[in-house]
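Structure first, commentary second.
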Amino acid sequence: MTKQEQVKAIFIEEAGEIIEKLDIDIIRFEENSSDFNLLNEIFRGVHTLKGNANAFGFTRLGEFVHYFEDVLDYYRSTKEDIEEHNLELFVESVDVIKEVMTCELDAIDTLPKSYSECLEKIKTLVSIKKSKDISLDKQNDVSELIDLASEFGFSEEPENILLKSIKAHQAIQDDGLNLYKIDLTLDVDCYKRGFDHLLFIKNLAEEAKSIESFFNMQNVETLDTFKSDTNYIKNVEIVVLTPLSYENIEEFFEFLSEDEYSIESIKPVVVKEDEPLVVNNKSIGASDDTLSTSTITQKSTIRIDTLKLDELFDSVGELVIAQNFIAQNEKIRSVEDESIGRTIDTLSKITKIIQDRVMSLRMVAIKDTFEKMKRVVRDTSKKTGKEVHLVVQGEETEIDKTMIDSLSDPLIHIIRNAIDHGLEANADERIKAGKSREGKITLKAFHKSGSIVISVSDDGRGINKERVLSKAIERGIVSGDENFTDSQIFALIMQPGFSTAETISDLSGRGVGLDVVKTSIEKLRGKIEIDSKEGEGTTFSMVLPLTLAIIDGMLVHAAGEIYIIPTLSVVESFRPEKEIVHMAKGKSEFVSLRGQNIPIIRLSDVFTLETQRIEPWEGILVCVETEIGRIAIMVDSLIGRQQVVIKTLGKSLTKLKEVSGGAILGNGEIALILNVDELRPLIEVPHG
Amino acid sequence: MEFNGDALMIDTDMSMEEIIKFEEFIRPRIDFIETIEVEEGCALKSSALLSILVSLKKTRPKLQIPFLEKGLSIAPAYGTIHWIYHD
Amino acid sequence: MSEKTVKAGRERFLTFYLGDEQYGIAINRIKEIIAMMKVTSVPKTPLFMRGVINLRGSIIPIVDTRLRFNMEYREPDMYTAIIIMEVDKVNIGFIVDRVEEVLSIDASHMSAPPKFGNQIDTDFICSVAQIENSVVMILDILKLFEDDELVNFEQIQQKQITEGL
């Protein structure tokens, strides 16, 4: 990539971030259109976007944004109340901006129809407002134009931007890093004394994780009096995040006179966890605003191609395997030398640290995804005409980046489903049920025993079990003579071809049902749990692994090969007594355990392998939880538990449902990882 | 430094000596220059360059200096630098 | 696709043996050639899918080329090799009896494949090259691993599942 291309890539990415933020801000603004700060924020975003668009010849985007900016500026400077329909136009405009950006990036010639329509509306609005304004007060208008011109680059008081930078740095402040605000007020003769502002910044930058500085050049004089070697820079404020101590920082400035600099140490903010952030139609407060406005400033210092990260991750996976091999090697362990033992221990620890750190590189807070969901809630609420109040919890929970990308769609689907089907049809029905008018949707992310759970709850009608069951029977999904647990019944609504909505609505019932959600979550090796109480509400929980690349696995010997069973699904393992093993219909075996009949799965049957048949009481049964209930996988012996790096078997083999991938063991051999949900018993087992 | 019709091209890594020469060069010519392009291949060397660009812009507001108008520069050696020059 | 090889000029091919016959494949797709190594079998796959190997940390599926061509299975010996090729951005290994050499073949020496007289399905052969006294059959590697085979493979699995139930 040339320098030019790099700069372009950065700007495009920045534009993408601005648009994403606009999308969120505009919704918040719609909820509370009197929030002047937010309007300013939106205006700034649009303004920067205009600059970016024009810099890269994205003229169509540029033109649109230009007029949009005019409109925003009008309301910003007049502080006039925004009419409802115009507010709607703003939201529409952001949508158009998103689409046009895509067209520009992919160099698509045809623009969406909405482009010209929306642009016309905006132009009309501009001309109406402007003409009104001129007739009202010509002078005022002129002064505003000057005001607009001065807004170039920075559109608000420098202090605010500085504050924002500090907040942004606080957000990325880790243990061991200190945050300082340094004010550099060099004298007019500093250049002659050999000092340059950039020199200090450069020295600081060498030891900094992140550094941002603000040059105040308002005092620079015109050429009549200007001299290059005289310092006209009033002051430079530097925000720096660094491991250095206050004393270390002071050393950088020891040759300056004391009135030329000041250093202020800024205490880290304590992040409060799990504090519900209430997003209500009317209750967006100022505190909320300060929280998210900081997202526009640089979050990180380096952008890395995710491919490179994946490669790094793979290598670390190999490192873990090699380290495991050494740690478990019998020969090495038999060496009775304390220092070797210690070194191996150290190696294990360091490997673990590297693994954790590399893993953390891929982790991002789920916040952005949740922010997007606010819009989904708004749109759905609008379309269904139901009043909805969204509560968001655990936004800071971190999740694998690759997973986040595939999470949006299922989440959108579940949220729409919750509002459309979960909540009562209207406020009257809710009031009759003794609930508040507004439906409540809770979006939550949290850690639970080595997994990440993302849940969507509504306080609506709840799932009517009888209706689900009868529908499932009607659709032929189940036969009806089985006994189902509650969770098994709830799971039915995610079966293909199932939909409880009487009318297919525009929202969730678009021909695809929850089965699509289920499939996409399973692709991430997660599962969906549904919990519901009739009359009280429903909760969809997506239980996801911490990362896509590594799982905790139980290694077993079976039918001459080594297989890996994900520990997440293992309930217990045991050697059964002969007495508790039974045969059903002369063909399929099951084991009675604590009053429950669990089918026994032989891998040799599933995989049609020819192998010597042993009896269940000669082997080990590994009991696992699957979506259709518990099964007992019969294996010859257990080898142990180990973290393994999951690898795909390649395109041609991914269609093999019973196997979710392969892993390379310490000795270089490959073991297949079983997908327990696809291991089905041959015959239904009688219920206990 | 390259002068091409209306546009003047300069580099970011000008030293104080070069900036002084640049000042001498541009003083008599400021009214004939439409645009100053700053080649951002290297990191800035002296803050005086920012000052002179601001001075030029203030002297002749019509002068186009896209680099200055951007309001910020990002370089590994300095992190992010912003500047404000309006009253 | 197959017309590509008809164009003039010299192309380079890796030749190998399956039984007594010599085959060639264009070298541009070949990543490397390795000696036979332990193959972990993957259940419920067609016979010719011998399984997967660990190639320096990557898991790569392996096709037994003999079985693919409906030839008899042969125990690996010291000459047995795996040719690693990139098909559709994925690496796949092909087990062959013996790797011979890299040949530069002029387009003028190549002709359309005969319609009969071969042990293997002529669909895989895109042309035949006459080199001195011997004949090299040039394989179209994409065809060797084309979608219909994968579809079949899926069907085989489907069939097994439905039968199983």
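The values are calculated or read from the model by the stated rules, or taken from the named source; none is laboratory data. From a predicted model like this one, the values you see are computed outputs, not experimental measurements. Positions of Cβ are backbone-derived with ideal geometry, glycine not excepted, and every protein chain shown enters the neighbour counts. Ligands, DNA and RNA are stripped out before the accessible areas are found, and what is left, the full protein with its side chains, is counted by its heavy atoms. Shrake-Rupley method; radii C 1.70, N 1.55, O 1.52, S 1.80 Å.
Residues are listed down the side, and each one gets a yes or a no for (1) at pLDDT 80 or above; (2) assigned to a loop (DSSP other than H, G, I, E, B); (3) of a type in the set (S, T, N, Q); (4) open to solvent by less than 50 Å² (accessible area, probe 1.4 Å):
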| site | (1), (2), (3), (4) |
| --- | --- |
| A:Val624 | yes, no, no, yes |
| A:Ile631 | yes, no, no, yes |
| A:Leu638 | yes, no, no, no |
| A:Leu649 | no, yes, no, yes |
| A:Ser652 | no, no, yes, yes |
| A:Lys655 | no, yes, no, no |
| A:Asn667 | no, yes, yes, no |
| A:Ile673 | yes, no, no, yes |
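Within the range C:58-70, residues that are farther than 27 Å from A:Val644 by Cβ have Cβ atoms under 8 Å from residues that are open to solvent by 10 Å² or more (accessible area, probe 1.4 Å) and part of a helix (DSSP H, G or I) in these pairs: C:Phe69/C:Phe124, counting only partners at least 6 apart in sequence or on another chain.
Taken together, the residues in the range C:64-82 that are aliphatic (A, V, I, L, M) and under 14 Å from C:Val39 (Cβ atoms) amount to 3.
I want to confirm something. Restricting to the range B:57-69 and keeping residues that are within 7 Å of chain A (Cβ to nearest Cβ) and touching a helix residue (DSSP H, G or I) at 6+ places or on another chain (Cβ under 9 Å), which single residue is nearest to A:Lys209 (Cα to Cα)? Checking each candidate, the answer is B:Glu69.
Would you call B:Ala48 closer than 26 Å to A:Leu49 by Cα, within 13 Å of the chain's Cα centre (by Cα) and among the small types (Gly, Ala, Ser)? So that I can check it myself, show each step before the final result.
Values: closer than 26 Å to A:Leu49 by Cα: no; within 13 Å of the chain's Cα centre (by Cα): yes; among the small types (Gly, Ala, Ser): yes.
No; evaluated as a whole, the condition is false for this residue.
Which residues, taken from the range A:180-213, are among the polar types (S, T, N, Q) and within 20 Å of B:Ala75 (Cβ to Cβ)? Scanning the range A:180-213 gives A:Asn203, A:Ser210, A:Ser213. Is at least one residue of the range A:171-193 outside any helix (DSSP H, G or I), within 8 Å of chain B (Cβ to nearest Cβ) and modelled with pLDDT under 90? Yes: one or more hits. Evaluated against (1) open to solvent by 20 Å² or more (accessible area, probe 1.4 Å); (2) small (Gly, Ala, Ser); (3) in contact with a Ser or Thr (Cβ under 7 Å, 6 or more places away or on another chain), C:Gly51 falls short on exactly one condition, (1).
The requirement of being at pLDDT 90 or above, touching a strand residue (DSSP E or B) at 6+ places or on another chain (Cβ under 6 Å) and not in a helix (DSSP H, G or I) is fulfilled somewhere in the range C:98-118, by at least one residue. The sole residue among A:Val570, A:Val606 that is within 14 Å of another protein chain (Cβ to nearest Cβ) and either within 14 Å of A:Leu679 (Cβ to Cβ) or buried (at least 20 other Cβ atoms within 10 Å of the Cβ) (or both) is A:Val606. Once the range A:253-285 is narrowed to residues that are open to solvent by 30 Å² or more (accessible area, probe 1.4 Å) and at pLDDT 85 or above, the residue that is farthest from A:Gly394 (Cα to Cα) is A:Tyr261. Any idea which of A:Ile473, A:Ile452, A:Ile412, A:Ile431 is open to solvent by less than 20 Å² (accessible area, probe 1.4 Å) and either touching a helix residue (DSSP H, G or I) at 6+ places or on another chain (Cβ under 6 Å) or outside any loop (DSSP other than H, G, I, E, B) (or both)? A:Ile452 is the lone residue from the list that is open to solvent by less than 20 Å² (accessible area, probe 1.4 Å) and either touching a helix residue (DSSP H, G or I) at 6+ places or on another chain (Cβ under 6 Å) or outside any loop (DSSP other than H, G, I, E, B) (or both).
So that you can scan it fast, the table gives a plain yes or no per residue for (1) facing another protein chain (nearest Cβ under 9 Å); (2) at pLDDT 85 or above; (3) touching a Pro at 6+ places or on another chain (Cβ under 9 Å):
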site: B:Met9; (1), (2), (3): no, yes, no
site: B:Glu18; (1), (2), (3): no, yes, no
site: B:Pro28; (1), (2), (3): no, yes, no
site: B:Asp31; (1), (2), (3): no, no, no
site: B:Glu40; (1), (2), (3): yes, no, no
site: B:Ser46; (1), (2), (3): yes, yes, no
site: B:Val54; (1), (2), (3): yes, yes, no
site: B:Ile74; (1), (2), (3): yes, no, no
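Residues that are surrounded by fewer than 16 Cβ atoms within 10 Å (Cβ to Cβ), in contact with a Phe, Trp or Tyr (Cβ under 9 Å, 6 or more places away or on another chain) and at the interface with another protein chain (Cβ under 7 Å from one of its Cβ atoms) within the range A:219-228 comprise just one, A:Glu221.
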